[in-house]
Amino acid sequence: MFPYNQSFIYITQDFESSKEQIKQDLSLDYVIEVLEDKFLLEHSKEVTRVAYIKETRTKYIIFGGYEFGTEAQNSLLKLLEEPPKNIYFIIFSPTKSQLLPTIRSRLPVFKEITKKEDIQIDTDFKKLTLKNVFEILKYVKTLSKVEAKQYLQAIQKKIIQDGVRLNTKQLESFEKGFMALELNSRVQNVFSYILMSLVVK
C-alpha cells in the first residue's frame, strides 16, 4: 500500500490505527514512534537524535502531531533533505495544510483510505462512448494514486456486472494500468489507455 522505499507524508485522522497498520507492514524492520497531540521543537529534536543513531538495518521513524509547530517543522528541513543512511521518515498529519510548503515539497503525500460505501459508476460499459470516456477522464483528474486504483477496481467490477467480456488485450490493459499507477504515472493517461481499449472493439 505504501512506498516503504522512501520517506513520505501520511494524512490521517486516526494515528493509532494507521501506526499499527504500518508497523504490521514493517514487521521485520525497526520502527520508532514520536507521535504527539502537539508536535513541538522538543519532539523534532528527539526525531533528529534517534535518526542519527547508526543502524545496519533499515529504520523507520514515524512522527507527527494533530497540531504541528512551525519551529518544529523548520528544524527538520535539513534532516528531511539529507537523511542519514538507512533511515526513512513517515510524517503523520491530520491535514495537508497544517504542514509547511517546504515540508510538503520534500516528500510525497498520501491520504488515508476511509471506509466508504462502494464506488458507484453509472456508465454502461456495453455501450461505452467517447463522451463517457471524457467524463471519466475529467473525474479521475483530481484523484490520488490510491483513489485512482480504487476507482479502476470499481470500473472492473461494473464491467463484470454489465456482462462485458474482455479480450486478452483489454485484460492486459487493466493489468498494465495498475502497474502504471503504482509507478506514479499520470492518472489521466492510465485511464485514457484503458478506456480507449474498451471503446475500440
Mind checking which pairs have a first residue in segment 26-41 that is closer than 11 Å to residue 65 by Cα and a second that is modelled with pLDDT of 95 or more and among the charged types (D, E, K, R), Cβ under 6 Å, 6 or more apart or different chains?
34/46
Looking only at segment 19-37, and only at residues there that are surrounded by 14 or more Cβ atoms within 10 Å (Cβ to Cβ) and of a type in the set (A, V, I, L, M, F, W, C), the one that is nearest to residue 112 (Cα to Cα)
22
So residue 174 ticks every box in (1) in a loop (DSSP other than H, G, I, E, B); (2) surrounded by 11 or more Cβ atoms within 10 Å (Cβ to Cβ); (3) under 24 Å from the mean Cα position of the chain (by Cα) but one. Which box is left unticked?
(1)
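The values are calculated or read from the model by the stated rules, or taken from the named source; none is laboratory data. Just so you know, these numbers come straight off a predicted model, no measurement behind them. No Cβ is skipped: glycine too gets one built from the backbone with ideal geometry, and neighbour counts run over all protein chains shown.
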